[in-house]
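The values are calculated or read from the model by the stated rules, or taken from the named source; none is laboratory data. What you are looking at is a predicted structure, and each value in this text was computed from that prediction instead of being measured. Please note: Cβ atoms are built from the backbone with ideal geometry, for glycine as well, and neighbour counts cover all protein chains shown.
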Amino acid sequence: MWLFYILIPCLLIDEVVLLPAPQNLSIQSTNMKHLLTWSPVIMGGETIHYSVEYQGEYESLFMSHIWIPSSRCSPTTVPECDITDDITATVPYNLRVRAILSSHTSAWSILKPPFNRNSTILTPPGLEVTKDGFHLVVKLEDLGPLFEFLVAYWRREPGTKEHVKIVKSRGIPVHLETMEPAAVYCVKAQTFVRAIGRHSAFSQAECVKVQEETLPLAVALFAFVGFMLILVVVPLSIWKMGRLLRYSCCPGVVLPDTLKITNSPQKLISCRREEVEACATTMLSSEELFRT
């Protein structure tokens, strides 16, 4: 009989699956992206699911029995959870994780200490500095809607003043300044998160050089030469074309000497009248002769 009572607990233990709780909870938070990680639970090749829940400051103070499931990781099969969308305020958050296998669950493992997003690591932003003609343009990395950028730019020469511009647009080229020819301009930037009142270090400065205005001068020179050629060639061409049209349509004809009029028209008319009268006189004399 005593052997039976000894075997009963052993039989009950064989039917109950004891799941170990996840261990080594930690958060990796960079640029307001928060990733909760833990050590995976190993159970003889079985697929383990995990459930993640959190409490904000209000729940932990006034409703400690209420835990909210994570929007992305309840459940999940990987030993990590992106809780960025769950952390919406700059207050301490309690986080807990447990393992699930079929209908069996482990005990909860709680993150210690609670997480506050103001502990996130802010890194310098990536930036691309270019020139559009004589315009200095910068394009900044898109880190999300919580980020602003402090952009510092200057002309690289002794005694120049550094200018600072606050940029809120993300991933869109921004015009900073109109540059002078043959000058070098440098740009650096840092992130600023107003929600936590913190900023990153400045990035490494990137510089661009503006070429001299050789091309515009050459264009102006060619334009001047072309204009002068037009002033000379066009009138000359018009004059030449006029002469060609004149001799083509109305060619000059040289009169023979017999057709040239050497006397004045009045004298010529009087001469012709005398010749007519003399001829008439001669003809009358002939008629009279025939009558006689």
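Listed values, structure above:
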{"read-out": "Residue in region 146-172 that is farthest from C207 (Cα to Cα), counting only those that are surrounded by fewer than 11 Cβ atoms within 10 Å (Cβ to Cβ) and free of Cβ contacts under 8 Å to residues at least 12 places away in the same chain", "value": "G159"}
{"read-out": "Where T123 falls short, out of the listed (1) at pLDDT below 95; (2) surrounded by fewer than 16 Cβ atoms within 10 Å (Cβ to Cβ)", "value": "(1)"}
{"read-out": "Hey, V137 in contact with a Pro (Cβ under 6 Å, 6 or more places away or on another chain) and either under 23 Å from A182 (Cβ atoms) or part of a strand (DSSP E or B) (or both) or not", "value": "yes"}
{"read-out": "Enumerated strands (runs of 3 or more DSSP E) restricted to region 15-114, each holding at least 2 residues that are hydroxyl-bearing (S, T, Y), surrounded by 13 or more Cβ atoms within 10 Å (Cβ to Cβ) and in contact with a Lys or Arg (Cβ under 8 Å, 6 or more places away or on another chain)", "value": "49-55"}
{"read-out": "Extreme residue, modelled with the lowest pLDDT, among residues of region 155-172 that are of a type in the set (G, A, S) and under 20 Å from K139 (Cβ atoms)", "value": "S169"}
{"read-out": "Cβ-Cβ under 6 Å pairs, at least 6 apart or on other chains, region 109-125 side among the charged types (D, E, K, R), far side not in a strand (DSSP E or B)", "value": "R117/I87; R117/T90"}
